[in-house]
Amino acid sequence: MNIQPDLEFIRYLKGVGGDTLKKCYQCATCSVVCPLSKDEKPFPRKEMIWSQWGLKENLIADPDIFLCHQCGDCSEKCPRGAKPGEVMGAIRAYAYTFYGWPSGLAKLASSAKGLPVMIAIPVVVIFLMWLLSGGMVFPSAEDFAHHGYQQFFGHWDFRWYAKNIFFIVCFMVPSAAIAAFSAYKGISNLWKALAAKNMMNPDFRPSAIQFTQKFLWPSIVEIIQHSRFRECTTNADRIRGHRPLMYAFIGLLIVTTWSLVANDIIGLWIAKFHGPMTFWNPVKLLANVSAIALLYGIWVLWTNRAKAESESGITGNFYDWFLIWEIMAVGATGLLAEVLRWAGLIQIGYIVYFFHLVAVMMLFLYLPYTKFAHLIFRTFAIAFDKCRESSFGTDILKK
Ligand code: SF4
Ligand code: SF4
């Protein structure tokens, strides 16, 4: 067999946490101890040899790299100290950038070198919006107490559409739309690569409804229940961080959706829906509880990662830390802005709120290139795995 190693890819893996891969001597202990690896399709031993050989095309189209939950059991038991769990993580990080769209943004978000530009983009956009809106005037203490940050971009005497909402929609909706389209492009490219490289019965053609019912929905349920995480032993503690984080995201999604509907649709007819909400408003309470769950979850993940790094002696990379810091920034600036509002500190409150908007826009815009991509790619990889297995069965679509 003529093997064409991709040396740049090998260098990349070494640079982002896979630097121990050359130690592997293919004993397969890792595949045996991995709680998620199946006997008929074991991993991560094969991924270790493919990585040593620089077989990039095989690795990025390998569903097993997404099925790995980076529990660390294999790294713990490897007799050569080769850290296959970290190698799998490094391959995934490469895959998210490879499938990312637009590629320039995906590359920018893949390393710390791009961070100044990543921060500068929302800072410039929001600052320009603030300038254009004519809202760069601090409110009176009375207005601040009554409206909070609802007049950050100023206000106009136009009952149908609040000025603040208009300007926030101007940059948040395009950011979210880019992220959603990017996630769609990434998943569709991944699916094509998985289908091309991994044998699937060509006559097996589920409809969109069948695919959702039989494969996608059960995968989503598995992810929500964290059932695969529970099988890991070395990093079993991670579930304590992942769960509150996931519920926080669901809570904040509900809050954001409601805010959009209340502000942008109902608010057109009933002006009081433009806000601000009182502290005891159920949506406000959900937002605050979600923010606390978000900070708690991310704190658990942060301490776990720091502990794992100090125990293994492996320094974390930008990809491992970016989402943690980003979520911290969103939660901390959001809570601080609210505390400053209660305290009546207008100027500093407005500055913190500005950075809160920057952090939220960064979260939207760069989400598909962060570790959050796990959630989307892993869900579809699990669905692909179920679909591929069923494709050789006879009657799953008839049930
Ligand atoms: S990574 Fe370690 S446990 Fe796995 S095959 Fe290589 S040497 Fe063996
Ligand atoms: S990190 Fe855990 S799930 Fe991933 S290959 Fe190793 S043992 Fe398996």
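What follows draws every value from the coordinates through simple rules; no lab data is involved. None of these values were measured; they are calculated from a predicted model. We place every Cβ from the backbone using ideal geometry, glycine too, and count neighbours over all the protein chains shown.
Which ³J(HN,Hα) values, rounded to whole Hz and listed in residue order, are derived for region 213-221 from phi using the Karplus coefficients 6.51, -1.76 and 1.60 in 6.51 cos²θ - 1.76 cosθ + 1.60 with θ = phi - 60°, glycine and proline given as x?
So the Karplus estimates, Gly and Pro as x, are 5, 8, 10, 6, 4, x, 5, 5, 4 Hz.
When the convex hull of the C-alpha atoms of region 242-351 is computed, what volume per residue in Å³ does it have? Before the final figure, lay out the partial values.
Details: hull volume 14.0 nm³, N = 110.
In region 242-351, the Cα convex hull volume per residue is 127 Å³.
How about LYS107: which lysines have a C-alpha closer than 23 Å to its C-alpha, ignoring those fewer than 8 places off in the same chain?
Partners found: LYS14, LYS56, LYS185, LYS192, LYS371.
Please compute the length gained on full extension between VAL124 and TRP160, using 0.36 nm multiplied by the number of residues separating them and subtracting their Cα-Cα distance.
Numbers: separation 36, 0.36 × 36 = 12.96 nm, distance 2.83 nm.
Going from the current span to full extension adds 10.1 nm.
Based on a Kirkwood Rh over C-alpha pairs, give the Stokes-Einstein translational diffusion coefficient of region 7-99 at 20 °C and viscosity 1.002 mPa s in µm²/s. Before the final figure, lay out the partial values.
Values: Rh = 12.7 Å.
Using the Kirkwood radius from Cα pairs, D works out to 169 µm²/s.
Suppose the chain between ARG240 and VAL221 were pulled fully straight at 0.36 nm per residue; how much longer would it get relative to their current alpha carbon spacing? It would help to have the intermediate numbers written out before the result.
Numbers: separation 19, 0.36 × 19 = 6.84 nm, distance 1.80 nm.
Extending this stretch completely gives an extra 5.0 nm.
Using a Förster distance of 25 angstrom, determine the FRET efficiency expected from the C-beta separation of LEU132 and VAL173, and round it to 0.05.
For R0 = 25 Å, the calculated efficiency reads 0.90.
I need GLU389, GLU311, GLU47 ordered by Cβ neighbour count within 10 Å, fewest first.
Numbers: GLU389 15, GLU311 10, GLU47 25.
Taking fewest neighbouring Cβ atoms as first place, the list is GLU311, GLU389, GLU47.
Could you tell me which trypsin sites (Lys or Arg not before Pro) in region 12-91 are loop residues by DSSP with no more than 10 other beta carbons within 10 angstrom of their beta carbon? Write out the running numbers ahead of the final one.
Numbers: sites: LYS14, LYS22, LYS23, LYS38, ARG45, LYS46, LYS56, LYS77, ARG80; in loops: LYS38, ARG80.
Listed in order of number, the matching sites amount to none.
How tilted is helix 318-343 with respect to the longest principal axis of the chain? Cα atoms for both, answer in degrees (0 to 90, nearest 10).
Taking the Cα atoms of the chain, the angle to 318-343 is about 20 degrees.
Work the Kirkwood hydrodynamic radius out for the chain: mean of 1/r over every pair of different alpha-carbon atoms, inverted, in Å.
Working: mean 1/r = 0.0433 Å⁻¹.
For the chain, inverting the mean 1/r across all distinct Cα pairs yields 23.1 Å.
Once all Cα-Cα distances of region 312-371 are split into 5 Å bins that start at 0, what whole-number percent is in each one?
4, 19, 23, 18, 13, 11, 7, 4, 2, 0
Give the list, by residue number, of cysteines in the chain with no other Cys Cβ closer than 4.7 Å, or say none.
Isolated Cys, the chain: CYS24, CYS27, CYS34, CYS68, CYS78, CYS170, CYS387.
Cut-off 10 angstrom, C-alpha nodes, Gaussian network model of the chain. Which of VAL330, VAL261, VAL300 fluctuates the most?
Per the Cα network of the chain with a 10 Å cutoff, VAL261 tops the list.
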